[in-house]
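Here the structure comes first, spelled out in C-alpha cells, and everything after it is commentary.
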Amino acid sequence: MIYHDNGRKLVLALKHGDQHEVLRPAARWLAAAVKPILPDSGVLIAPVPLHWLRLLRRTFNQSAMLAQSLGKAIDQEVCPDLLIRPKRTQSLGGLSLDQRFVEMEQSITLNPRRVDLLKGRTVLIVDDVMTSGATLSASAQACLTGGAKDVMTLTLARAVKDA
C-alpha cells in the first residue's frame, strides 16, 4: 500500500499505537503479494532489525512481528535475529536520499550466530515501510555478504512523492 492517508494510519497504528490486531490482515496481504514470486521452499524470512536502544524504547520490533505473522501465513522459516543493528543511526526522516544511504552504510550486519542458517538460501527481508530503500539495501548487502543465494524484500507500505 502507499504510505499516505489510511496506509500511513495503519502502519503508524502498528508501529506506535500498539494495535497489533493489524498483523493478521497485514500478513495475508503480504502473503498474497509475495507468494507468486517466492521459491517453493527453503526461504528464510528476516525482519529489518532495530538498534537495541530503539527496541528498548519501543518495546517491540514491528518488522519482526510482521515477519513472524508472514512466516505463519506462508509456512516458511523466520529468523528474527538473522540481522543485527550494532550501529545506532539517527532517524532517517528529513534526510536526503544520499544522506540516508550514507547513514545506513555498515549499520546492519549478519548475526554471527546465524551465518549457517543463511548460506545458499533465499532470504526475504521484511519491513513496515520503504522510503528511500537505504535500510533494505543495507540489510540485503549484509545477507549477500554472508552467503545468501538471493535476497528479496517485502514491505507493508512504501512512501511515494506527491501521494
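Every number here is computed from the coordinates shown, using simple stated rules; none is lab data. Note that the coordinates shown come from a computational prediction; the quantities given were computed from them, not determined experimentally. Neighbour counts run over all protein chains shown; Cβ positions are idealised from the backbone, glycine included.
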Any chance you could list the semi-axes, whole Å, largest first, of the equivalent ellipsoid that the Cα gyration tensor gives for the chain, using √(5λ)? 22, 20, 15
Percent of beta bridges antiparallel (DSSP, the chain, rounded to nearest 5): 10
What is the spread of the Cα atoms of region 57-152 along each of their three principal axes, largest first, in whole Å? 37, 27, 22
Length-normalised contact order of the chain in % [C-alpha pairs under 8 Å, at least 6 apart]: 28
Given the candidates 108, 118, 142, the one whose Cα lies deepest towards the positive end of the charge dipole of region 5-158, counting +1 at each Lys or Arg C-beta and -1 at each Asp or Glu C-beta, is 108
Whose amide H sits under 5 Å from the amide H of residue 152, counting only residues 5 or more places off or on another chain, with H placed in the peptide plane? 123, 124, 125
Charged-residue dipole, Cβ positions (Lys, Arg, Asp, Glu), region 5-158 about Cα centre, Debye nearest 20: 260
Per-residue [θ]222 nm for the chain (sum of -39500 (n - 2.57) over DSSP H runs n ≥ 4, rounded to 500): -12000 deg cm²/dmol
